[in-house]
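A quick write-up on the structure given underneath.
The values are calculated or read from the model by the stated rules, or taken from the named source; none is laboratory data. Since the structure is predicted, the reported quantities are computational estimates derived from the model, not experimental observations. Heads up, the Cβs are rebuilt from the backbone with ideal geometry, glycines too, and the neighbour counts pull from every protein chain shown. In case anyone asks, the SASA skips ligands and DNA or RNA and just uses the protein heavy atoms, side chains included. Shrake-Rupley method; radii C 1.70, N 1.55, O 1.52, S 1.80 Å.
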Amino acid sequence: MMLLLILFVLGVANFAVHKAVLESGHPMLDALPSFYRSGRGRISLGFEFAVLLVAMLLAGNGWPGAVTAYAIYSVLNFGTGWLVLTGRI
């Protein structure tokens, strides 16, 4: 149960960072395919949800390594979001 709570908290934070990057108007976003950006990023947010759902399903079915993998993914996501939102890239 604790692993699912950790995944949920990381998932909420990932969604927040993802949405902030989408709304930042960073020029890098123009390089993404149009279907990925359409609908205010719903496709990309859907992908974010799918990654979280798979991690939660795996963790809930006895694969605690899914939490570690999602935590690493989250750290990379947070780092990239920080770079984009602070204008470092």
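Any residue that is open to solvent by 80 Å² or more (accessible area, probe 1.4 Å) and closer than 21 Å to Trp82 by Cα - is there at least one of those in region 13-27? For region 13-27, residues open to solvent by 80 Å² or more (accessible area, probe 1.4 Å) and closer than 21 Å to Trp82 by Cα: present.
State yes or no: is Trp82 under 18 Å from Met2 (Cα atoms) and open to solvent by 40 Å² or more (accessible area, probe 1.4 Å)? Considered against the rule, which asks whether it is under 18 Å from Met2 (Cα atoms) and open to solvent by 40 Å² or more (accessible area, probe 1.4 Å), Trp82 comes out as no. Beta carbons closer than 6 Å, at least 6 apart along the sequence or on distinct chains, pair a first residue in region 33-46 that is in a helix (DSSP H, G or I) and open to solvent by 80 Å² or more (accessible area, probe 1.4 Å) with a second that is modelled with pLDDT under 85 and aromatic (Phe, Trp, Tyr) for Ile43/Tyr36. A count restricted to region 47-62 and to residues that are open to solvent by 60 Å² or more (accessible area, probe 1.4 Å) and within 24 Å of Leu85 (Cβ to Cβ) stands at 2.
Is it true that Val67 is in contact (Cβ under 8 Å) with a residue 24 or more places away in the chain, among the hydrophobic types (A, V, I, L, M, F, W, C), surrounded by 11 or more Cβ atoms within 10 Å (Cβ to Cβ) and more than 20 Å from Met2 (Cβ to Cβ)? Considered against the rule, which asks whether it is in contact (Cβ under 8 Å) with a residue 24 or more places away in the chain, among the hydrophobic types (A, V, I, L, M, F, W, C), surrounded by 11 or more Cβ atoms within 10 Å (Cβ to Cβ) and more than 20 Å from Met2 (Cβ to Cβ), Val67 comes out as no.
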